[in-house]
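The values are calculated or read from the model by the stated rules, or taken from the named source; none is laboratory data. None of the values given here were measured: they were computed from a predicted structure. Glycine gets a Cβ as well: all are built from the backbone with ideal geometry, and neighbour counts include every protein chain shown.
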Amino acid sequence: MDWKSTIAAAATRIAGHVRVTPVMMAADLGLDRPVDLKFEQMQHTGSFKTRGAFNTLLSSDVPAAGVVAASGGNHGAAVAFAARRLGHAATIFVPEMAGPAKIALIRDTGADCRIVPGAYANALDAALAHEAETGAMQVHAYDAESTVAGQGTVLSEWEAQGLQANTVLIAVGGGGLLAGAMGWLGGARRVVAVEPETSCALHAALAAGGPVDVEVSGIAANALGAKRIGTICHGLAVETGALSVLVTDDAIAGAQRHLWRQLRQLVEPAGAAALAALTSGAYVPAPGERVAVLVCGANPAPDPFG
């Protein structure tokens, strides 16, 4: 598949519906080198997920029954937001672990938000059943071409903003964002996939030679808690030679504090996971290597102002 042209088309399609998020070079993070940052947590609903949602809805014939999605929170909020903007009904299934802040964010859009016992996989089963029963269009959180292409516009936008880094660090849950990044970059820059030790579907798939089920837990599980990595992401990771590194919950929490104390950026654990690979030493750049970190989620639980 020609991901470059597909992502370029997605960028044109969603222009005017999503924000162009800011970038900066930070030399004061207490590391041994400056770091290029993109603040995608400033996107509508607080995450990059809005890009994939708009690309899917704008490139599809949405039925009268509307759309349905399963989500740990951020994807559901994005689909609900895009559906409202485009005049479609939305039903969102979320696991209990999504937490009150993300559930409130979804409900604020006017979507029908349904809470399911268990984890993301349980919410996905419920969403698939709803699709079969009602004819609503399923908007997958990560393993669909339209979703991946939409998320890939983060990197096409970043390069247009002058990205100079040799290496880009990106947090991974189900793999939609990482797949989009790899699809756009095509191996032109090194991609480091960062996962929590307790939710590491890509790392397990690379070790096993294909996607496998993993146990999911930890402070970032409501955003990075996919039980199985997407097949699109796994294929691109193998094809482009993406490096997989793992970080602890303590490292993620430390990176959250670092972003707040140094840059006054308030993010959820998943949003800080990529930076945690640098601040904890899980990824050590080579001398002269210029690195970039994608900050990708702004919905901590509980809501600090809720």
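Assuming residue 183 fulfils every condition listed in (1) under 14 Å from the mean Cα position of the chain (by Cα); (2) assigned to a helix (DSSP H, G or I) apart from one, which condition is it?
Condition not satisfied by residue 183: (1).
Exactly one of these conditions fails for residue 33: (1) modelled with pLDDT of 95 or more; (2) of a type in the set (D, E, K, R); (3) assigned by TED's automatic domain parsing to the domain that holds residue 183. Give me its number.
Among (1) modelled with pLDDT of 95 or more; (2) of a type in the set (D, E, K, R); (3) assigned by TED's automatic domain parsing to the domain that holds residue 183, residue 33 violates only (1).
Return the residues of region 192-231 that are farther than 29 Å from residue 101 by Cβ and not small (Gly, Ala, Ser); say none if nothing qualifies.
Keep residues of region 192-231 that are farther than 29 Å from residue 101 by Cβ, which gives 205-212, 231.
Scanning region 192-231 gives 206, 211, 212, 231.
Residues of region 12-47 being surrounded by 21 or more Cβ atoms within 10 Å (Cβ to Cβ), of a type in the set (A, V, I, L, M) and under 19 Å from residue 149 (Cα atoms), which ones?
Those that are surrounded by 21 or more Cβ atoms within 10 Å (Cβ to Cβ), of a type in the set (A, V, I, L, M) and under 19 Å from residue 149 (Cα atoms): 14, 18.
Output the residues belonging to region 141-168 that are surrounded by fewer than 24 Cβ atoms within 10 Å (Cβ to Cβ) and within 21 Å of residue 124 (Cβ to Cβ).
Result: 143, 144, 145, 146.
If you scan region 1-23, which residues turn out to be in contact (Cβ under 8 Å) with a residue 40 or more places away in the chain and outside any helix (DSSP H, G or I)?
Residues of region 1-23 that are in contact (Cβ under 8 Å) with a residue 40 or more places away in the chain, as a first pass: 1, 3-4, 6-11, 13-14, 17-18, 20-21, 23.
Passing the criteria: 1, 17, 18, 20, 21, 23.
Listed residues 131, 40; which is touching a residue at least 24 places away in the same chain (Cβ under 8 Å), farther than 30 Å from residue 259 by Cβ and touching a strand residue (DSSP E or B) at 6+ places or on another chain (Cβ under 7 Å)? Walk me through it before giving the result.
On the way: 40 fails: farther than 30 Å from residue 259 by Cβ.
The match here is 131.
Checking the conditions here, which among 69, 80 is outside the structural domain of residue 15 (by TED's automatic domain parsing), in a helix (DSSP H, G or I) and either in contact with a Phe, Trp or Tyr (Cβ under 6 Å, 6 or more places away or on another chain) or buried (at least 19 other Cβ atoms within 10 Å of the Cβ) (or both)?
On the way: 69 fails: in a helix (DSSP H, G or I).
Exactly one residue qualifies, and that residue is 80.
Only one of these conditions is not met by residue 77: (1) in contact with a strand residue (DSSP E or B) (Cβ under 9 Å, 6 or more places away or on another chain); (2) more than 20 Å from residue 43 (Cα to Cα); (3) touching a residue at least 60 places away in the same chain (Cβ under 8 Å). Which number is it?
For residue 77, the failing item is (2).
Here are some conditions: (1) over 19 Å from the mean Cα position of the chain (by Cα); (2) of a type in the set (Val, Ile, Thr); (3) within 16 Å of residue 47 (Cα to Cα). Residue 267 meets all but one. Which one does it not meet?
That leaves (1) as the condition not met.
Filter region 95-138 for residues that are within 23 Å of residue 267 (Cβ to Cβ) and charged (D, E, K, R); which is surrounded by the most Cβ atoms within 10 Å (Cβ to Cβ)?
102
Take region 48-61 and flag every residue that is crowded, with 20+ Cβ neighbours inside 10 Å and farther than 14 Å from residue 177 by Cα. Reasoning before the result, please.
Here is the first cut: in region 48-61, the residues crowded, with 20+ Cβ neighbours inside 10 Å are 48-57.
Within region 48-61, 54, 56, 57 meet the criteria.
Could you run through region 145-176 and say how many residues are among the hydrophobic types (A, V, I, L, M, F, W, C) and either outside the structural domain of residue 241 (by TED's automatic domain parsing) or assigned to a helix (DSSP H, G or I) (or both)?
Filtering region 145-176 for residues among the hydrophobic types (A, V, I, L, M, F, W, C) gives 148-149, 154-155, 158, 160, 163, 165, 168-172.
Next, from what is left, pick out any that are either outside the structural domain of residue 241 (by TED's automatic domain parsing) or assigned to a helix (DSSP H, G or I) (or both): 148-149, 154-155, 158, 160.
Number satisfying all stated conditions: 6.
Yes or no: region 89-107 includes at least one residue that is of a type in the set (Gly, Ala, Ser) and either at pLDDT 95 or above or in contact with a Lys or Arg (Cβ under 9 Å, 6 or more places away or on another chain) (or both). Outline the logic, then answer.
Looking only at region 89-107, we keep the residues that are of a type in the set (Gly, Ala, Ser), and these are 89-90, 98-99, 101, 104.
This time we only want the ones that are either at pLDDT 95 or above or in contact with a Lys or Arg (Cβ under 9 Å, 6 or more places away or on another chain) (or both), so: 89-90.
Within region 89-107, one or more residues are of a type in the set (Gly, Ala, Ser) and either at pLDDT 95 or above or in contact with a Lys or Arg (Cβ under 9 Å, 6 or more places away or on another chain) (or both).
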